[in-house]
Amino acid sequence: MGVLFHYLVGLSAFWTIEIRWVRRVFRGLSIFMSGQLLPIQLMPSSLQRALTWSPFQTLVNLPVSTWLGVSSPRAWWSAVVWLGILGGLAWKLTQMAQRRLEVQGG
């Protein structure tokens with residue numbers, strides 16, 4: 001899932017001049033929303049519910065929670081769904097980027 005996120009961030013280079021800000025925004029969001037900064041289980045309950053269904057939780061929180069035995073393997077179904085959604089988005093954006101690409105030179 002992390003590779004897919006970074007691929008989508010890299011694809012933003014086709015539509016922006018500078019992608020450092022995209023990388024910084026993604027990194028900031030992923031550190032907070034994945035449970036890397038503070039475990040999702042220690043956050044307020046309303047935020048926990050939202051982050052449990054976000055794709056970011058598959059980066060840190062879900063693997064660690066499964067390894068510690070806190071969450072069940074059933075929780076991985078949300079990761080499978082997000083993998084399909086983000087994979088489809090990456091495929092569509094790649095097609096759009098290929099149409100936009102123009103190579104000069106020989």
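Nothing in this text is a laboratory measurement; each read-out follows from the coordinates by a stated rule. Predicted, not measured: the structure shown is a model, and the values here were computed from it. Don't worry about glycine lacking a Cβ; one is built from the backbone with ideal geometry, like all the others, and counts go over all protein chains shown.
Here the Gaussian network model covers the chain, with springs between Cα atoms less than 10 Å apart; of 72, 30, 12, 72 fluctuates the most. When only Cα pairs below 8 angstrom with a gap of at least 6 residues are kept, the chain shows a relative contact order of 29 percent. Shown for the chain are the DSSP H helices of 30 Å or more along their axis, judged by Cα atoms, with a mean Kyte-Doolittle hydropathy of at least 0.0: 76-100. Summarising the amide proton neighbourhood of residue 36: residues at separation of 5 or more, or on other chains, whose placed amide H is nearer than 5 Å comprise an empty set. Over the chain, DSSP H runs of length four or greater, each weighted -39,500 (n - 2.57), average out per residue to a 222 nm ellipticity of -19500 deg cm²/dmol.
Percent of C-alpha pairs per 5 Å bin in the stretch 2-100, short distances first: 2, 12, 20, 21, 18, 12, 8, 4, 1, 0. Sorting the segments 51-62, 18-29 by their mean number of nearby beta carbons within 10 angstrom, highest to lowest, gives 51-62, 18-29.
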